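Below: one structure, written as structure tokens.
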Amino acid sequence: MAVNRAGIVDHNFITGVQALQPAPRREDLDAPVRAGARCTARQALEIFESMMSSRLLDLEARELKNRNQGFYTIGSSGHEGNASVAAALRPTDPAFLHYRSGGFFVQRARQVPATTPLFDVLLGIVASKDEPIAGGRHKVFGSAPLWIPPQTSTIASHLPKAVGTAFFLERMRTMHIDPPVPQDSIVVCTFGDASSNHATASSAFNAAALAHHQSLPCPTLFVCEDNGIGISVRTPRGWVASRFLANPGIKYFSADGLDLANAYDVAAEAVDFVRRTRRPAFLHLAVVRMLGHAGSDVEQVYRSEEEINAAESQDPVLRAARDLVAEGWMRPDEVLERYEELRARIAALGREAEGRPRLVDADEIIAPLSPLRPDAIAAAAALQPDPDSRARLFEGRLPEEDRPRHMAVQINRALHDLMGAHPETVLFGEDVARKGGVYNVTTHLEAALGRARVFNSALDETTILGLAIGGGHLGLLPIPEIQYLAYLHNAIDQLRGEACSLQFFSNGAFRNPMVVRIASLAYQKGFGGHFHNDNAVAALRDIPGLIMACPSNGEDAVGMLRTCVAAAKVDGAVCTFLEPIALYMTKDLHADRDGAWSFPYPPADFHVPIGRARTWTEGEDLTILSYANGLWMSLRVARRLQEAHGIRCTVVDLRWLNPLPVEDLVAAAQKTGRVLVVDECRRTGGIAEGVIAALVEGASGLRIARVAGRDTYIPLGDAANRVLVQEPDIEAAALALMEA
């Protein structure tokens with residue numbers, strides 16, 4: 001049976017303090033806490049109280065769990081030295097914290113009046129809806145007044161957005177936009193030694209170092225709280241130091257996180273360096289892990305009793321008490337008195353938290369996930385640059401005065417308009433600047449809007465999305481580009497775990513708006529193979545709150561892009577804008593040079609409301625529901641069905657893949673009673689599954705069939721046509737459905 005180490009750790013602290021011998025009293029609290037230290041006694045006493053508070057919160061979390069009232073026991077015991085790092089920073093320095101940064105959180109709150117960190121943490125542990133940041137949705141360290149965006153159980157996934165925040169903090173100066181924090185702020189992120197090995201962390205370190213190499217300011221302080229173990233896996237001794245000492249782009253600092261004064265002094269040196277030079281730095285903070293990984297973790301299974309005792313013997317809270325007593329700043333009885341006062345206070349707050357209401361209504365739970373205000377979105381979508389600015393953007397040739405054009409051109413024009421109307425927008429990605437993107441969709445934007453707002457990124461999708469999230473934190477509206485849909489999967493957790501979860505886990509207090517443009521889907525006549533012809537969208541559809549736009553033509557592309565930018569601006573929406581590569585340059589529909597798939601540039605008041613479909617043809621015999629390339633093919637098939645068989649089709653473009661335009665689809669299906677869903681994506685995990693489910697739930701008596709792509713990667717050449725939906729497949733399925 002596992003031993004309750006919480007009681008042992010508590011007992012060891014009390015008996016350890018009782019055994020201390022008092023030193024002559026010292027009164028000058030503004031003197032160094034010990035000879036040669038930068039940390040004053042006043043600062044050390046505050047940090048020590050934050051450390052004790054963090055420890056006692058861990059103990060109370062276990063008590064709450066024992067009473068079946070608490071739901072989170074990952075604690076900060078052994079890591080309390082991170083309170084010294086908080087003391088070296090300003091409360092306006094954005095801080096992205098991992099789950100063992102309790103001391104940091106409590107200490108930062110001391111710098112901001114009228115905050116209640118102890119009660120806030122306890123409300124999170126009991127999952128109360130009164131908890132002020134996540135509202136009971138998760139136990140997090142987060143606070144808008146403290147500039148701590150909430151993180152859940154992060155495994156380094158927060159590092160790229162920390163770098164993004166630092167990067168754009170400086171870039172906003174050249175954009176002539178005031179950031180929401182002082183211009184000389186820095187960004188801090190904390191994480192463990194095990195997390196430093198994660199690919200996501202490597203992306204962040206690389207991005208920060210690359211920025212420095214290019215003389216681009218990126219004031220990021222990486223704080224690695226190194227306890228030597230990740231759950232049960234030991235970090236090789238010396239690995240973290242040897243790895244980061246060798247990084248020329250990131251300045252290395254090493255501190256003893258078990259020594260309050262040393263931790264503060266080195267942290268202050270690192271903070272000064274980052275603030276002064278605007279360069280990234282790495283603070284290697286040596287700590288220990290006490291009380292296991294979490295309350296459910298039986299660490300005796302993988303750590304010997306001797307090893308556990310050795311870690312507990314290095315208790316940083318006891319060591320801080322010992323040092324303060326030895327230097328004459330406190331007496332042992334004063335330490336214990338304050339410790340017990342804090343224990344009683346936290347226990348009382350825990351009992352108060354137990355009685356606070358919890359989330360019970362599903363609609364209330366999901367309310368902050370993806371709020372949308374259609375009227376406000378419509379108003380923002382209609383914004384355009386002033387006439388003079390617009391004339392300069394388009395060099396005097398306004399797009400509405402031009403002939404009908406294909407999708408790539410119209411998206412490019414829409415981006416000019418949107419970035420001209422919204423000065424907080426930034427566009428970046430691989431090859432998007434001078435080259436104008438692989439398909440020339442972003443051509444001339446850099447010249448028109450400047451390098452501060454349109455620029456090339458590193459070839460790393462995690463970094464691209466991390467930059468976008470960080471920029472969104474500062475009030476920018478990023479429009480990152482992912483060069484191909486297949487490339488997104490390298491970094492999709494930046495959308496799933498970070499971007500789309502922020503409003504949910506902050507109850508709307510924080511947001512990171514963005515519109516992620518992705519060159520998408522297949523039908524490139526067999527060119528490029530899997531990585532350039534990808535029809536896998538299931539991972540995107542699985543992300544709660546993510547808006548998925550997929551236009552089939554240039555007119556809708558403009559309207560939908562306007563809508564996405566507006567939704568991001570007014571509601572903090574995270575949108576993916578899937579641009580069908582095969583339709584970028586498509587001008588014709590039924591015959592060569594018919595120009596039927598070229599459209600005029602729509603007027604300023606045209607936008608496409610989220611979740612609304614478009615009906616292209618009206619017929620009473622058969623309803624065809626599709627999108628993107630499938631829509632284009634379905635229109636061609638519908639004409640042949642009418643000409644050859646007299647079958648009149650209603651053809652509907654979904655346009656929005658999430659949320660699906662359910663109301664419009666059901667109405668179109670009921671019109672004919674026969675529905676063919678044409679899904680160019682994979683049969684498993686594609687769009688048809690959701691469409692058919694919506695039809696079954698929303699209507700009765702329908703005859704439904706589908707054609708969909710095969711569950712496979714897409715090969716080169718003509719073989720691609722054997723696994724993708726083709727026009728004969730659509731026609732055969734339609735005829736079979738009519739005969740059923």
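The values are calculated or read from the model by the stated rules, or taken from the named source; none is laboratory data. Please read these numbers as outputs of a predicted model, since none were measured by experiment. Counting neighbours? That spans all protein chains shown, and the Cβs are built from the backbone with ideal geometry, glycine included.
Would you confirm, using the coordinates I've provided, whether Leu359 is surrounded by fewer than 20 Cβ atoms within 10 Å (Cβ to Cβ) and among the aliphatic types (A, V, I, L, M)?
yes
Give me the pairs: first residue in segment 626-642 and touching a residue at least 24 places away in the same chain (Cβ under 8 Å) and assigned by TED's automatic domain parsing to the domain that holds Ile687, second residue β-branched (Val, Ile, Thr) and buried (at least 24 other Cβ atoms within 10 Å of the Cβ), beta-carbon distance under 6 Å, and six or more apart or on different chains, which are they?
Partner pairs satisfying both residue conditions: Ser626/Val678; Gly630/Val678; Ser634/Ile624; Ser634/Val651; Ser634/Val678; Leu635/Val651.
Please go through segment 280-305 and give me each residue that is modelled with pLDDT of 95 or more and either assigned to a helix (DSSP H, G or I) or in contact with a His (Cβ under 9 Å, 6 or more places away or on another chain) (or both), ordered by number.
Pro280, Leu285, Val287, Val288, Arg289, Met290
Which one of the conditions (1) crowded, with 18+ Cβ neighbours inside 10 Å; (2) more than 21 Å from Phe71 (Cα to Cα); (3) in contact with a Leu (Cβ under 8 Å, 6 or more places away or on another chain) does Gly135 fail to meet, given that it meets all the rest?
Of the numbered conditions (1) crowded, with 18+ Cβ neighbours inside 10 Å; (2) more than 21 Å from Phe71 (Cα to Cα); (3) in contact with a Leu (Cβ under 8 Å, 6 or more places away or on another chain), the odd one out for Gly135 is (2).
Being closer than 19 Å to Val558 by Cβ and out of contact with any helix residue (DSSP H, G or I) (no Cβ under 7 Å at 6 or more places or on another chain) is the filter here, so list the residues in segment 365-386 that pass it.
Pro374, Ala378, Ala379, Ala382
How many of the residues in segment 496-537 are surrounded by fewer than 20 Cβ atoms within 10 Å (Cβ to Cβ) and either touching a helix residue (DSSP H, G or I) at 6+ places or on another chain (Cβ under 7 Å) or closer than 29 Å to Ala162 by Cβ (or both)?
Number of matching residues: 8.
Suppose the filter is under 23 Å from Ala536 (Cβ atoms) and not assigned by TED's automatic domain parsing to the domain that holds Gly554; does Leu724 pass it?
Against the criterion (under 23 Å from Ala536 (Cβ atoms) and not assigned by TED's automatic domain parsing to the domain that holds Gly554), Leu724 qualifies.
Just checking, which of Ala694, Ala688 is buried (at least 17 other Cβ atoms within 10 Å of the Cβ), more than 19 Å from Ala733 (Cα to Cα), within 40 Å of the chain's Cα centre (by Cα) and aliphatic (A, V, I, L, M)?
Answer to the selection: Ala694.
Show the residue pairs that are 6+ apart or on different chains and have beta-carbon atoms under 9 Å apart, the first residue being within segment 81-98 and in contact (Cβ under 8 Å) with a residue 12 or more places away in the chain and assigned to a loop (DSSP other than H, G, I, E, B), the second being surrounded by 24 or more Cβ atoms within 10 Å (Cβ to Cβ) and among the acidic types (Asp, Glu).
Pairs found: Gly81/Glu225; His98/Glu225.
Give segment 205-235 a look and list any residue that's more than 30 Å from Ala310 (Cβ to Cβ), in contact (Cβ under 8 Å) with a residue 24 or more places away in the chain and of a type in the set (Gly, Ala, Ser), or say none.
Of everything in segment 205-235, those that are more than 30 Å from Ala310 (Cβ to Cβ), in contact (Cβ under 8 Å) with a residue 24 or more places away in the chain and of a type in the set (Gly, Ala, Ser) turn out to be Ala207, Ala208, Ala209, Ala211.
Which condition from (1) outside any helix (DSSP H, G or I); (2) surrounded by fewer than 19 Cβ atoms within 10 Å (Cβ to Cβ); (3) at negative phi is the one that Gly328 breaks?
Exception for Gly328: condition (3).
Can you find, within segment 247-278, the residue that is nearest to Glu305 (Cα to Cα) among those that are touching a Cys at 6+ places or on another chain (Cβ under 8 Å) and either surrounded by 24 or more Cβ atoms within 10 Å (Cβ to Cβ) or of a type in the set (Val, Ile, Thr) (or both)?
Within segment 247-278, the match that is nearest to Glu305 (Cα to Cα) is Leu260.
What residue, of Arg42, Arg62, is closer than 20 Å to Tyr339 by Cα, in a helix (DSSP H, G or I), of a type in the set (D, E, K, R) and within 31 Å of the chain's Cα centre (by Cα)?
On inspection, the qualifying residue turns out to be Arg62.
For segment 543-576, give me the residue count where each residue is out of contact with any Cys (no Cβ under 6 Å at 6 or more places or on another chain) and either in a strand (DSSP E or B) or more than 30 Å from Ala499 (Cβ to Cβ) (or both).
The total comes to 2.
State all residues of segment 279-330 that are within 16 Å of Ile47 (Cα to Cα), under 35 Å from the mean Cα position of the chain (by Cα) and among the acidic types (Asp, Glu); if no residue qualifies, say none.
Within segment 279-330, Asp315 is the sole residue that qualifies.
Across segment 684-726, what is the number of residues that are modelled with pLDDT of 95 or more and assigned to a helix (DSSP H, G or I)?
11
Scan segment 631-658 residue by residue and report those that are outside any helix (DSSP H, G or I) and either among the hydrophobic types (A, V, I, L, M, F, W, C) or surrounded by fewer than 17 Cβ atoms within 10 Å (Cβ to Cβ) (or both).
Of everything in segment 631-658, those that are outside any helix (DSSP H, G or I) and either among the hydrophobic types (A, V, I, L, M, F, W, C) or surrounded by fewer than 17 Cβ atoms within 10 Å (Cβ to Cβ) (or both) turn out to be Gly646, Ile647, Arg648, Cys649, Val651, Val652, Leu654, Trp656, Leu657.
Tell me whether segment 335-342 contains one or more residues that are in a strand (DSSP E or B) and surrounded by 15 or more Cβ atoms within 10 Å (Cβ to Cβ).
Checked against the condition, which is being in a strand (DSSP E or B) and surrounded by 15 or more Cβ atoms within 10 Å (Cβ to Cβ), segment 335-342 yields no hits at all.
Would you please list the contacts, defined by Cβ atoms under 8 Å and residues six or more apart or on different chains, that run from a residue in segment 397-415 that is among the hydrophobic types (A, V, I, L, M, F, W, C) to a residue that is assigned to a helix (DSSP H, G or I) and surrounded by fewer than 20 Cβ atoms within 10 Å (Cβ to Cβ)?
Correct list of pairs: Leu398/Arg390; Leu398/Ala391.
Just one of Val85, Val33, Val9, Val17 is under 30 Å from the mean Cα position of the chain (by Cα), β-branched (Val, Ile, Thr) and either assigned by TED's automatic domain parsing to the domain that holds Lys139 or within 28 Å of Pro182 (Cα to Cα) (or both); which is it?
Sole residue among the options that is under 30 Å from the mean Cα position of the chain (by Cα), β-branched (Val, Ile, Thr) and either assigned by TED's automatic domain parsing to the domain that holds Lys139 or within 28 Å of Pro182 (Cα to Cα) (or both): Val85.
With respect to Phe222, determine if the residue is crowded, with 21+ Cβ neighbours inside 10 Å, of a type in the set (Phe, Trp, Tyr) and under 30 Å from Glu170 (Cβ atoms).
The answer is yes for Phe222.
Does Lys161 meet the test of being of a type in the set (Lys, Arg) and either assigned to a helix (DSSP H, G or I) or at positive phi (or both)?
yes
Scanning segment 544-594 for residues that are assigned by TED's automatic domain parsing to the domain that holds Asp417 and of a type in the set (Asp, Glu), which turns out farthest from Asp375 (Cα to Cα)?
Checked segment 544-594; the qualifying residue farthest from Asp375 (Cα to Cα) is Glu579.
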